[in-house]
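The block underneath contains the structure these notes are about, expressed in structure tokens.
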Amino acid sequence: MELDLLTESVVPEHARGVKAEAREFADEHIAPNAERYFDSGEYPWEILEAGMDAGLVAADIPFGAEITTEYGSERQKEEYLEPVGRNEQITGLAVSEPETGSDLAGMSTSAEKDGDEWVLDGEKYWIGNGVEADWVTVYARTDDDEDNRYGNYSLFIVPTDADGYEAEHTPEKMGMCASKQAHVIFDGCRIPEENLIGSEGAGFYMLADFFNHGRVVVGGHGLGIAAAAIEEAWEFVHGRNAFGRQVNEFQAVQHSLADMRLTFEQARSLNWRAAEHVAENDRAGLWASMAKVASTEAAVECSQSGMQLHGGRSIFTDRRIARTYRDARIPVIYEGANEIQRNLIYSQS
């Protein structure tokens, strides 16, 4: 009995071509190497470069660069975006801080004007590509108006070779080991005045809009993990015997698999619906938060159920289900912890 989770039925027609290309690329380049990179914790440069050659990286100038795409000046787009689009550079987004994760109005990294330059001081944490990137988009405090908390922040393009920019990889993580995050320190880091993105004081609002797109993408991360967990559990119980029967013949096992499938399908449908709302800017924040919560928690639930169905074998680190279980704990936190998403869902409903 074959299991086919990732059918095209819920995928808009215009997205099916690139989805098929990405699936083929993943089967050829990612699946055979995922365990090796998970174990080594190395940055998967060869896979990134293969993705660039296949036209799957920076196809729409993704990640933190989207902010520059939307709000940057023509000079910024020419100097910073075009090399990313040509796959000559990579970039990242620096928002979270050691003591502040989801509170965008509580960040302390500052940027002060000094002549025709901005001077940045502070720290950022969990910054993807903080070491590897050629430049990062940095979220920093530019005012201290207590009556306008959301107008105190701005966004800047900061080259990683600028004086006063220092970055080191964070300690080893329990999951997503090949994805590199950094601890970044700004110590009198000077950048040109024209590296301000958009308007001073508009950083919070620009970032909030960016996160609507990002949270749908993170929902996709959750769906991928959930699907992997279901596939592993399905294959395991259909190939193992216990108490004189094949494991999948036990009703309790069937119910567990049925619940996993229900959780996944509900989250997947919501995620695609949210993608449509975000693309149309129709209550984007509400739908993005709902998709992020549903899909990432589907990953946790399905991975946990998959571990239980694997029994004692689930704890072996060479098992794919053990990797999904560890990876699943991460998307429920980044791009705004799910507790924060529930606040947003309630306030925007």
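Every read-out reported here was derived from the displayed coordinates using simple, explicitly stated rules and does not represent laboratory data. Computed from a predicted structure; not experimentally measured. All Cβ positions, glycine included, derive from the backbone under ideal geometry; neighbour counts span all protein chains shown.
Numbers at a glance
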read-out: 0 to 90° range, to nearest 10: angle between helix 338-348 axis and the chain longest Cα axis; value: 70
read-out: Computed lengthening from Asp116 to Asp145, 0.36 nm per intervening residue step minus Cα-Cα distance; value: 8.1 nm
read-out: Net charge contributed by nearby residues that have their C-beta within less than 10 Å of Val293 (K/R +1, D/E -1); value: +1
read-out: Spacing of the two label points (7 Å from each Cα toward its C-beta) at Gln251 and Ala50, in nm; value: 4.6
read-out: Rounded tilt (10° steps) of 251-279 against the dominant C-alpha axis of the chain; value: 30
read-out: The range 287-304 residues near the modelled Ala258 label - backbone nitrogen below 12 Å, point 7 Å along Cα→Cβ; value: none
read-out: Label point distance in nm, Ala208-Asp27, each placed 7 Å from Cα along Cα→Cβ; value: 4.4
read-out: FRET efficiency, Glu74 to Asn281 (Cβ-Cβ, R0 22 Å, nearest 0.05); value: 0.40
read-out: Candidate lysines for bridging to Lys173, where Cα separation is under 23 Å - those fewer than 8 sequence places away on the same chain excluded; value: Lys124, Lys292
read-out: Approximate spin-label separation Arg240-Glu99, in nm, with each point projected 7 Å along Cα-to-Cβ; value: 4.7
read-out: With Cα atoms, 0 to 90° folded angle of helix 203-237 axis to the chain main axis; value: 20
read-out: Interchain or long-range residues, amide H under 5 Å from Trp135's placed H; value: Ile90, Gly92, Thr160
